[in-house]
1. Among helices (runs of 4 or more DSSP H) lying entirely in region B:46-137, which contain 1 or more residues that are away from chain A (no Cβ under 13 Å) and in contact with a helix residue (DSSP H, G or I) (Cβ under 8 Å, 6 or more places away or on another chain)?
2. Got a number for residues in region A:43-60 being more than 6 Å from DNA strand D (Cβ to nearest atom), open to solvent by less than 20 Å² (accessible area, probe 1.4 Å) and free of Cβ contacts under 8 Å to residues at least 40 places away in the same chain?
3. Quick check: anything in region A:74-93 more than 10 Å from DNA strand D (Cβ to nearest atom), surrounded by fewer than 16 Cβ atoms within 10 Å (Cβ to Cβ), over 10 Å from the mean Cα position of the chain (by Cα) and within 21 Å of A:Asp21 (Cα to Cα)?
4. Only one of these conditions is not met by A:Leu66: (1) touching a residue at least 24 places away in the same chain (Cβ under 8 Å); (2) closer than 30 Å to A:Ser23 by Cβ; (3) open to solvent by 80 Å² or more (accessible area, probe 1.4 Å). Which number is it?
5. Name every residue in region A:3-39 that is buried (at least 17 other Cβ atoms within 10 Å of the Cβ) and near DNA strand C (Cβ under 9 Å from one of its atoms), in order of residue number.
6. Give the residues of region B:103-119 that are within 15 Å of A:Leu13 (Cα to Cα) and either in contact (Cβ under 8 Å) with a residue 24 or more places away in the chain or open to solvent by 30 Å² or more (accessible area, probe 1.4 Å) (or both), sorted by residue number.
7. Any residue at all in region B:3-11 that's in contact with a Leu (Cβ under 8 Å, 6 or more places away or on another chain), within 14 Å of chain A (Cβ to nearest Cβ) and near DNA strand D (Cβ under 9 Å from one of its atoms)?
8. Kindly evaluate B:Ser33 against the criterion of being under 27 Å from B:Leu135 (Cβ atoms), free of Cβ contacts under 8 Å to residues at least 40 places away in the same chain and within 22 Å of the chain's Cα centre (by Cα).
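The values are calculated or read from the model by the stated rules, or taken from the named source; none is laboratory data. None of the values given here were measured: they were computed from a predicted structure. Because the Cβ atoms are built from the backbone with ideal geometry, glycine has one as well, and the counts that use them run over all protein chains shown. Heads up: the accessible areas ignore ligands, DNA and RNA and are worked out on the full protein's heavy atoms, side chains in. Shrake-Rupley method; radii C 1.70, N 1.55, O 1.52, S 1.80 Å.
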2 protein chains.
Amino acid sequence: MVNSRFSVAIHILSLIATTSDKSLLTSDFIAGSVNTNPVVVRRMIGVLKKAGLLSSHTGMAGYELLVEPKDLTLLAIYQAIDGPEQLFAIHDEPNPACAVGQKIQHTLEGVYTSVWLAMEEQLQAQTLQDVLDQLRA
Amino acid sequence: MVNSRFSVAIHILSLIATTSDKSLLTSDFIAGSVNTNPVVVRRMIGVLKKAGLLSSHTGMAGYELLVEPKDLTLLAIYQAIDGPEQLFAIHDEPNPACAVGQKIQHTLEGVYTSVWLAMEEQLQAQTLQDVLDQLRA
DNA sequence: CCTGTTGTAACTATTATAGTTACAGGTGCA
DNA sequence: TGCACCTGTAACTATAATAGTTACAACAGG
């Protein structure tokens, strides 16, 4: 099980997308919905902002999306948070004197790449708008 | 990034599958190839044994696969290790008084399920034999 | 009986994640 | 101008997962 940052990021972006009164959108308000600490929210928002997904201004309430929900794929959100993440860790320094140890890392990389590509395809196929539609349903 | 247990498990199973002289197969020998502690190996083997993938006998060197490499999918290995794992964590107790908070968990579960199914398909499509072939190549 | 092995419990170390406190500095309004 | 409220960020703590280690009981086979 991986961390919950992806879930929190989607929650935050959904909240920003669905709240029309921007003056309500403070880190404190968002933290109340996510049920966490305002600083955790501001930290996450800083990451999403750096990735160009939203804007904010010091000292002023109100966050705004910079990408239309229908154009914002979950993959873009995922990448904003975790960067070019690797799915599974590979144990380092297996014994190079062993036939298996020598090639296992490269082999596993191939295996994990195919798994990751399948995942990526799914994340690419879903947008924030899809999430919003399901939230409304 | 997830832990390296999946990688270690595949390494161990590959080693067992490719070592014909079973008397060499001690937890110490395997640990030397993986580059970890013998106890870590024995612990992992205990899990794989419990899942019915291999056999061992107290006090006696030599592990043996109970499933043919061509019939042993990576999914089976994955499930042996992590059980019915969830891919991404979902933050708990989002605010039920909020429209987003109220439905986000269920929505995210749907999203993550679709991602997991794609992953599962990939893991199901590859067997230990495929790994062995790549190790030999 | 002795050596080497497995199976396990118990402890420590390391790291990632999340939560918290604190505060500098911006914003806008009375 | 002063004040209340906000963001951005650093620094620290708490918790939990993972891996590594030590220790030892029990078994196998010469």
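1. On the way: elements: B:74-82, B:99-125, B:128-136.
Ranges flagged: B:74-82.
2. 2
3. No: zero hits.
4. (1)
5. A:Ser4, A:Arg5, A:Phe6, A:Ser7, A:Val8, A:Ala31, A:Val34, A:Thr36
6. Listed by number, the residues that qualify are B:Lys103, B:Gln105.
7. yes
8. Details: under 27 Å from B:Leu135 (Cβ atoms): yes; free of Cβ contacts under 8 Å to residues at least 40 places away in the same chain: yes; within 22 Å of the chain's Cα centre (by Cα): yes.
So B:Ser33 fits the description; yes.
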